[in-house]
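As structure tokens, the structure follows; a few thoughts come after it.
The values are calculated or read from the model by the stated rules, or taken from the named source; none is laboratory data. Everything numeric here is computed off the predicted structure, so don't read it as measured data. A quick note on method: Cβ atoms are made from the backbone with ideal geometry, for glycine too, and the neighbour counts reach across all protein chains shown.
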Amino acid sequence: CLHSQILLPHLEEAASILKEHNVPVVQVDCEANDLLCSQQTIITYPTLKIFKNGHIFEGQIYRGAKITDDITQHMIQLYEASVIYLNSEDEIQPFLDNSTLPVVISRGLTALNETYQEVSLDLNDDYVFLSLLDSNDKSLSVYLPNATEPILFDADVSSLVGNPIALSQWLRVVVLPYFVDVTPDLFSKYISSSLPLGYFFYTSKEELDDYTEFFTELGKENRGHINFIALDSALYPNHVRFLNMKVQFPLFAIHN
């Protein structure tokens with residue numbers, strides 16, 4: 001189409017520039033590859049999609065100006081701004097004071113840099129990633145919004161080097177409450193953690209209150225091994241049937 005023909009020279013020039021930053025740019029002919037374009041829900045032409053770390057089914061549509069400078073600037077900033085590099089501890093506090101997202105801080109962990117960068121590209125919509133390379137405090141920590149104490153990675157950090165799945169998994173788990181009356185948006189985060197999930201079905205607020213302390217303690221003791229959530233049995237009757245459990249409340253079940 002005419003619009004695609006107009007975009008092509010800009011895209012070719014952007015591809016040449018981005019190649020120096022290890023950002024590949026490819027062109028797909030949707031007439032010749034209609035199945036691929038259908039899977040990617042391409043409905044207008046031309047469409048530019050951004051895929052982070054090769055995740056081909058999690059692409060984001062580029063909505064900026066379709067000219068060389070804007071395309072290259074957006075892609076370079078997306079990569080470089082996924083981790084914010086700091087020079088001193090004093091620079092950290094403003095991020096902790098103002099961020100509405102969990103703040104991840106890598107201190108002095110140069111061996112983790114590449115893995116940290118890769119994970120930040122995937123998760124920078126949900127976390128703020130900071131790096132303080134010149135630090136004697138070799139640690140990885142997460143600060144939740146409005147929290148004063150960090151959550152420290154207390155295992156051997158070398159186990160995360162070259163293992164972005166392990167780092168992503170840890171980050172997804174540690175920001176979750178030990179036990180919570182779950183909402184639909186939060187429920188998806190528990191599912192994405194890939195850990196076994198303990199369901200507590202209740203029928204009244206009083207019933208939930210009676211068990212909250214108990215399950216919160218279980219959540220603390222089993223952090224990283226199993227998550228615990230509460231579900232209102234009246235709102236989630238299908239989940240009880242899915243777990244193939246007898247409809248008798250209060251009810252607890254674990255789904256692996």
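Quick notes
- L231 passes every criterion in (1) part of a helix (DSSP H, G or I); (2) surrounded by 15 or more Cβ atoms within 10 Å (Cβ to Cβ) apart from (1).
- Checking each residue of the range 25-35 against the condition of being modelled with pLDDT under 85, closer than 23 Å to L123 by Cα and either of a type in the set (V, I, T) or under 28 Å from the mean Cα position of the chain (by Cα) (or both) gives no match.
- Verdict on T183 being among the polar types (S, T, N, Q) and at pLDDT below 90: yes
- Whichever residue in the range 215-228 is in contact (Cβ under 8 Å) with a residue 24 or more places away in the chain and outside any helix (DSSP H, G or I) and, among such residues, is farthest from N256 (Cα to Cα): R223
- When we screen V26, V104 for residues that are without any contact (Cβ under 8 Å) to a residue 40 or more places away in the chain and either assigned to a loop (DSSP other than H, G, I, E, B) or in the same structural domain as D126 (by TED's automatic domain parsing) (or both), the only hit is V26.
- Looking only at residues of the range 68-101 that are surrounded by fewer than 14 Cβ atoms within 10 Å (Cβ to Cβ) and within 30 Å of P9 (Cβ to Cβ), we find that the one that is modelled with the lowest pLDDT is E80.
- Only one of the numbered conditions (1) closer than 26 Å to V23 by Cβ; (2) out of contact with any Ser or Thr (no Cβ under 7 Å at 6 or more places or on another chain) is not met by D137, and that is (1).
- Within the range 175-210, the residues that satisfy the criterion of being buried (at least 18 other Cβ atoms within 10 Å of the Cβ) and among the aromatic types (F, W, Y) are F179, Y190, Y199, F200, F201, Y202.
- The set of residues in the range 125-179 that are in a helix (DSSP H, G or I), among the aliphatic types (A, V, I, L, M) and either in contact with a helix residue (DSSP H, G or I) (Cβ under 6 Å, 6 or more places away or on another chain) or without any contact (Cβ under 8 Å) to a residue 24 or more places away in the chain (or both) comprises I165, A166, L167.
- Considering residues of the range 234-250 that are out of contact with any helix residue (DSSP H, G or I) (no Cβ under 7 Å at 6 or more places or on another chain) and surrounded by 12 or more Cβ atoms within 10 Å (Cβ to Cβ) only, the residue farthest from V182 (Cα to Cα): M245
- Residue within the range 203-213 that is touching a strand residue (DSSP E or B) at 6+ places or on another chain (Cβ under 6 Å), part of a loop (DSSP other than H, G, I, E, B), polar (S, T, N, Q) and closer than 22 Å to P184 by Cβ present: no
- Residues satisfying the stated conditions in the range 225-239, i.e. out of contact with any strand residue (DSSP E or B) (no Cβ under 6 Å at 6 or more places or on another chain) and over 21 Å from S193 (Cα atoms): D232, A234, L235, P237, N238
- Residue in the range 118-125 that is of a type in the set (D, E), closer than 16 Å to V161 by Cα and under 17 Å from the mean Cα position of the chain (by Cα) present: yes
- Pairing each residue of the range 245-256 that is free of Cβ contacts under 8 Å to residues at least 24 places away in the same chain and more than 14 Å from L231 (Cα to Cα) with any residue that is among the β-branched types (V, I, T) and not in a strand (DSSP E or B), provided the two are 6+ apart or on different chains, yields C-beta distances under 9 Å for K246/V240.
- Any chance T44 is at pLDDT 80 or above, surrounded by 13 or more Cβ atoms within 10 Å (Cβ to Cβ) and not assigned by TED's automatic domain parsing to the domain that holds E118: no
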